1. Cβ contacts < 8 Å: first residue over 14 Å from D2 (Cα atoms) and open to solvent by 40 Å² or more (accessible area, probe 1.4 Å), restricted to region 55-80; second residue part of a helix (DSSP H, G or I) and of a type in the set (G, A, S), any location; separation 6+ or different chain. Result?
2. Just one of the numbered conditions (1) open to solvent by 40 Å² or more (accessible area, probe 1.4 Å); (2) touching a Ser or Thr at 6+ places or on another chain (Cβ under 9 Å); (3) in contact (Cβ under 8 Å) with a residue 60 or more places away in the chain is not true of V42; which one?
3. Those residues that are free of Cβ contacts under 8 Å to residues at least 40 places away in the same chain and under 17 Å from A54 (Cβ atoms), I need them from region 1-22; list them, please.
Amino acid sequence: MDYRFTLANERTFLAWIRTSLGLLAGAVAVHALVAPIDTDAVLYAAVLVCLFLALVLALGAYRRWRIVERAMRGGGPLPTPGAVPILAVGVGAVSLLAAASVVLR
């Protein structure tokens, strides 16, 4: 087996982890900056969605890395990227919640 594929799989895993950390940092920032000023339930919902997405992506990144690694070593087909639709819908939901918070003020 070519080690470049294993390293590419690891880089993909790390990219998903960075995305998860970015969502986590965004949730903490929104909570820390907005919570003392306003108790907007819509923003709290956005924070919770970010935290949920961060958790799902971190766990999903490890699971996908493990499945891809096993498939490459066994010569099997690679799985489809399951976290991409979850991330797209989640970020869309956070965007809608943030927009609703701005409009409702």
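1. Final answer for the pair search is L55/S20; V56/A83; V56/G90; R64/A83; P77/A71; L78/A71; P79/A71.
2. (1)
3. Answer for region 1-22, where residues must be free of Cβ contacts under 8 Å to residues at least 40 places away in the same chain and under 17 Å from A54 (Cβ atoms): L14, A15, R18, L21, G22.
The values are calculated or read from the model by the stated rules, or taken from the named source; none is laboratory data. A quick note: this is a predicted structure, and the numbers were derived from the prediction, not measured. A quick note on method: Cβ atoms are made from the backbone with ideal geometry, for glycine too, and the neighbour counts reach across all protein chains shown. Each accessible area value is taken on the protein alone, full model and side chains, heavy atoms only, with ligands, DNA and RNA left out. Shrake-Rupley method; radii C 1.70, N 1.55, O 1.52, S 1.80 Å.
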